[in-house]
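First comes the structure, then the notes that go with it.
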2 protein chains.
Amino acid sequence: MLQMYDLAGEDPALRFSPYCWRSRFAAAHKGLPLETIPWRFTDKQAIAFSGQGRVPVLRDGAKVVHDSWAIAEYLEDTTPMPALFAGGATARAHARFVNTWADTILLPAIAPLIIRDLLDAVAPQDRAYFRESREQRFGRTLEELQADRDTRVAGFRQVLLPLRHLLRVQPWIGGAAPSYADHIVLGTLMWPRCVSHFELLQPDDPVAEWQARGLDLYGGLGRSAKRV
Amino acid sequence: MLQMYDLAGEDPALRFSPYCWRSRFAAAHKGLPLETIPWRFTDKQAIAFSGQGRVPVLRDGAKVVHDSWAIAEYLEDTTPMPALFAGGATARAHARFVNTWADTILLPAIAPLIIRDLLDAVAPQDRAYFRESREQRFGRTLEELQADRDTRVAGFRQVLLPLRHLLRVQPWIGGAAPSYADHIVLGTLMWPRCVSHFELLQPDDPVAEWQARGLDLYGGLGRSAKRV
């Protein structure tokens, strides 16, 4: 069976990595059983075999793949159906724009809305590392970063404009059915969902309606995930 | 031959609509000859046969298609090769995210950097309409909108992050070869290129390098376009 190292909180059932969720949705899409191994930021040794220090790391027998995009490509190439990128190379290339948008725009827009909540979700042994590395990256305390989120959330919702307009004309980013492009964004949104009770979306937002459908995919994989 | 109503300046050779350029690149990609008919904002009557008042409007014999996305789909469905969305429905669905991103994020980010220059490019009979409609939309004068662009351009370049990261890992948005997703963004960038001398991109930006390759496509269609 496929094994994947998956970021966890103190409760090993709490899984909240936006990248690991992309891979979990991708494996579920293909109907591939996936054993997820709880991992914490300070467990660098446990994944040293992958040659780097971040999750997701996928093990398929002797084969090791890290990085969520590489894992999606690996799954697609080894188990072509049901396709993550139906029709091939162009669908895949276009999905990668969704991936870079999620990484460079969506994640940084979510972070300052939930990052102090996130500190409470990470395992106790990870908290010093988490606070120090994130405060260094952003140049502010986690408390400062999350301040005034009730007013700032309007700006976040503007960031979703391209997705909102898309979902007014088609039910999934992949068109008539979900593709890996949906998993990228659904997976990214599992991150705030699992660690915070802060409402990022208004209920009548087409993005919220799409997310609700996405949470029900694959037997409710997203919907049943542990939350704080 | 295909005919397309195409926004023009006083000089009918000056064509600067970001939407019309998407369609011109798409037709060129397919090797389809396209007669472009210069049109101005105040020529609503000339395209009334399309049932609406905006360009591009494509005529293919008795068939009339308006809206750049609908034109791309029409060209793809009537002349499948060379494909704009190789592999089919998923590539097309994913490209539509690039289209909504260009419409809701990229175009509004470019507008305040070039909109006063644009006024000088539109035909004299269009200028009152252009100034009034745009100043009403943005709630500021065109001069105010374009002020301080030398400092604001840094923010614009941030908007391109997802594209920049993408073009570090693949030569085209379409992957190994250009797709309609490339035409969407190249076409959008023809708009500032044709009406302004303001430099939106730094020369070592991967986006600028990709744009340079795009300008050379189809016999230099973009490169040879008339500029102010």
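The values are calculated or read from the model by the stated rules, or taken from the named source; none is laboratory data. Since we're looking at a predicted model, the values are computed, not measured. Note that we place each Cβ from the backbone using ideal geometry, even for glycine, and neighbour counts take in every protein chain shown.
In this structure, does A:THR104 turn out to be in contact with a His (Cβ under 6 Å, 6 or more places away or on another chain) and of a type in the set (S, T, N, Q)? Yes; evaluated as a whole, the condition is true for this residue. Pick out the one residue from B:TYR129, B:TYR218 that is on the phi > 0 side of the Ramachandran plot, surrounded by fewer than 22 Cβ atoms within 10 Å (Cβ to Cβ) and in contact (Cβ under 8 Å) with a residue 40 or more places away in the chain. Residue meeting the stated conditions: B:TYR218. None of B:ILE114, B:ILE110 is within 23 Å of B:PRO12 (Cα to Cα), touching a helix residue (DSSP H, G or I) at 6+ places or on another chain (Cβ under 7 Å) and not basic (Lys, Arg) except B:ILE114. Assessment of the stretch A:51-70 against the conditions (without any contact (Cβ under 8 Å) to a residue 60 or more places away in the chain and within 30 Å of A:THR151 (Cα to Cα)) yields no matching residue. Counting only helices (runs of 4 or more DSSP H) that sit completely within the stretch A:1-104, those holding 1 or more residues that are modelled with pLDDT of 95 or more, crowded, with 17+ Cβ neighbours inside 10 Å and away from chain B (no Cβ under 14 Å) correspond to A:18-29, A:68-78. Hey, could you check the stretch B:134-156 for residues that are in contact (Cβ under 8 Å) with a residue 12 or more places away in the chain and more than 29 Å from A:THR104 (Cβ to Cβ) and say which is surrounded by the fewest Cβ atoms within 10 Å (Cβ to Cβ)? The qualifying residue surrounded by the fewest Cβ atoms within 10 Å (Cβ to Cβ) is B:GLU143.
One residue stands out in the stretch A:188-197 among those that are crowded, with 16+ Cβ neighbours inside 10 Å and farther than 12 Å from A:PHE25 by Cβ: the one that is nearest to the other protein chains (Cβ to nearest Cβ), namely A:TRP191. A:ALA109 passes every criterion in (1) within 14 Å of chain B (Cβ to nearest Cβ); (2) within 30 Å of A:GLN136 (Cβ to Cβ); (3) touching a residue at least 60 places away in the same chain (Cβ under 8 Å) apart from (3). Consider A:SER23 against the criteria (1) hydroxyl-bearing (Ser, Thr, Tyr); (2) touching a Phe, Trp or Tyr at 6+ places or on another chain (Cβ under 8 Å); (3) within 18 Å of A:VAL98 (Cβ to Cβ): it satisfies all of them except one. Which criterion is unmet? Condition (2) is where A:SER23 drops out. Assigned to a helix (DSSP H, G or I), surrounded by 19 or more Cβ atoms within 10 Å (Cβ to Cβ), aliphatic (A, V, I, L, M) and not assigned by TED's automatic domain parsing to the domain that holds A:PRO12, is that true of A:LEU200? Taking the combined requirement at face value, the residue does not satisfy it.
Taking first residues from the stretch B:34-46 that are farther than 17 Å from B:GLY61 by Cβ and partners that are surrounded by fewer than 18 Cβ atoms within 10 Å (Cβ to Cβ) and among the β-branched types (Val, Ile, Thr), the Cβ contacts under 9 Å between residues at least 6 apart in sequence or on separate chains come to B:ALA46/B:ILE37. Go through the stretch B:157-187 and give me each residue that's crowded, with 22+ Cβ neighbours inside 10 Å and within 15 Å of B:LEU215 (Cα to Cα). Answer for the stretch B:157-187, where residues must be crowded, with 22+ Cβ neighbours inside 10 Å and within 15 Å of B:LEU215 (Cα to Cα): B:ILE173, B:PRO178, B:SER179, B:TYR180, B:ALA181, B:ASP182, B:HIS183, B:ILE184, B:VAL185, B:LEU186, B:GLY187. For the stretch A:156-177, the set of residues classified as more than 7 Å from chain B (Cβ to nearest Cβ) and among the polar types (S, T, N, Q) consists of A:GLN158 only.
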